[in-house]
Amino acid sequence: MPKNRAVLIDQIIKQTMRICAFSSLFFLFLIFLFILIEGLPLFYRVGVGNIIAGFKWAPTKGAFGIFPMIVSSFLVTIGALILGAPLGLACAVYLAEYAGKKKKLFLKPALELLAGIPSVVYGFLGVIYIVPLIRTYCGGSGFSLLAAAIVLGVMILPTVISISYDALMSVPRTYREGSLAMGATKWQTTYRVVIPAASSGILASFILGMGRAIGETMAVIMVAGNALRIPGSILDPLRTLTSNIALELAYASGDHRLGLFSTGVVLLIIIMILNYLANFVIRQKVIK
């Protein structure tokens, strides 16, 4: 092949890859711009404080307060982390430090398959099994903060396990060998050397898990009860930001529709902040 032709082909491939890379940013920009255009007018007209700090959501009556839904979203996310983060980290530690090659070949793909299960299936299982158990043994209707936290805790496992596992595997082998050579046991080495060395990556997995949980819709709609108030206990029903958009967008019009887009603006900003924090934590680890 002539040299000039090879260089031309190389340049064409390079530019094609560049276009593909920047196209994802372009689509993200379009989505963000569309949501801002639709959602910001209501912020200007009603006021940021009246929307974000308002307690009453009644769009047909001019009330657009989403504060209870913001609090509910964070409560569900925190509950999911309390349940899912320790379990996910334990799975990652077992895979990285204790499982043999044959077990890894089976367990890691099996755990990652959890990410491919549709959220409606998690919600269905929650309605069939978790909600009745909560109703029987804890009281209430069963559709509650606790049910949503359990379902989301399972759903964030693939994210937490995968990223935590990669962080643990990136710890140099010399760290482990030095600890063992000084007389530490396998668990002492894991607990006092490996996990602290991988702490930034593990923390990033928790933050990304938060983003996954706070952005979930269908499963939360099915098990949370969708009550427009701040839950007083883990057995109370609630409604999250994503649930509010999904439940009402189909029939909303006028200011009601703009209110839902304003909810989307708040949700998008929260998720962007969480992803930025995760990337910041990972960069700090790389710098160190």
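Angle of helix 67-93 to the longest C-alpha principal axis of the chain, folded into 0 to 90 degrees and rounded to 10: 20°.
Taking the number of Cβ atoms within 10 Å of each Cβ as an exposure proxy, the fewest-first ranking of D10, D166, D236 is D10, D166, D236. In terms of the Cα gyration tensor, with a ≥ b ≥ c the square roots of its eigenvalues, is the chain rounded because a/c is under 1.5, prolate because a/b exceeds b/c, or oblate? Verdict is oblate for the chain.
Given Cβ point charges of +1 (Lys, Arg) and -1 (Asp, Glu) and nothing else, what value in debye, to the nearest 20, does the dipole of region 66-287 about its Cα centre take?
Details: 16 positive and 8 negative charges, 155 e Å.
Dipole about the Cα centre, nearest 20: 740 debye.
With Cα atoms defining each centre, region 1-77 and region 149-212 are spaced 31 Å apart in the structure. Protection proxy ranking of 71-83, 141-153, 180-192, by the mean of other Cβ atoms within 10 Å over each peptide's residues and highest first, is 141-153, 71-83, 180-192.
Going from the residue with the fewest nearby Cβ atoms within 10 Å to the one with the most, T16, T263 rank T16, T263.
Among S179, S162, S262, the residue with the largest mean-square fluctuation in a Gaussian network model of the chain, with springs joining Cα atoms closer than 10 Å, is S179.
Each 10 Å bin from zero holds the following percent of Cα-Cα pairs in region 1-90: 13, 20, 20, 20, 13, 9, 4, 0. Entry for region 171-288 at q = 0.13, 0.16, 0.20 Å⁻¹: log10 I(q)/I(0) = -0.70, -0.85, -1.06, Debye formula applied to identical alpha-carbon scatterers, no solvent contribution. This ranking places M155, M169 by how few other beta-carbon atoms lie within 10 Å of each, fewest first, which gives M169, M155.
The amide H of A58, built 1.01 Å from its N in the peptide plane, has A63, F64, G65 as neighbours under 5 Å, considering only residues 5 or more places off or on other chains. Helix 145-155 against the longest principal axis of the chain: what's the angle in degrees, Cα atoms only, rounded to the nearest 10? Helix 145-155 and the main axis of the chain meet at about 30 degrees. The stretch between I12 and Y129, if pulled fully straight at 0.36 nm per residue, gains 36.6 nm over its current Cα-Cα span. Annotation for R192 and S24: the two label points, set 7 Å from Cα along the Cα-Cβ direction, are 4.2 nm apart. With angles folded into 0 to 90 degrees, how steeply does helix 255-287 sit against the dominant principal axis of the chain? Use alpha carbons for both and round to 10. Result, in degrees: 20.
Packing, as the average of other Cβ atoms within 10 Å across residues, places the peptides 50-57, 241-248 in the order 241-248, 50-57, highest first.
No lab work stands behind these numbers, since they all come straight from the coordinates. All figures in this text were calculated on a predicted structure; none of them were measured in a lab. Methodologically, a virtual Cβ is constructed for each residue, glycine included, from the backbone with ideal geometry; neighbour enumeration extends over all protein chains shown.
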